1. Would you compute, for the Cα atoms of the chain, the largest minus smallest coordinate along each principal axis and list the three values in descending order, in whole Å?
2. Rounded to the nearest 500, what is the 222 nm mean residue ellipticity of the chain from helices alone, with -39500 (n - 2.57) per DSSP H run of 4+ residues and division by all residues?
3. What is the distance in Å between the Cα centroid of segment 1-24 and that of segment 46-65?
Amino acid sequence: MIGPSLVAAKLVTFVLGLAVALLAYHGYRRNESQPMLYVSAGFVFIAGGAICEGLIYHTFGFSILSAGLIQSAIVSSGLVLVLVSLVK
């Protein structure tokens, strides 16, 4: 059983990640800055990764190891996008 405090913490992380992504997207639209688009996409992946492990584990019946590996791959992809935006 997942505790309500863990669900609340995951949802707060998800909402904050999407808020950062939305602000970065607005920055991209306002300034036509390609790196801001990468930041926006990166934070969408990071926010999605924050909640996907539990969903994959409980909904699809994956092992906790498999769910953790998928979550790490998604978050890592988001971090790569943010890194690319910093290098450009």
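No lab work stands behind these numbers, since they all come straight from the coordinates. Because the structure is a prediction, the values reported are computed rather than measured.
1. Sorted largest first, the three principal extents are 46, 23, 16 Å.
2. -32000 deg cm²/dmol
3. 14 Å
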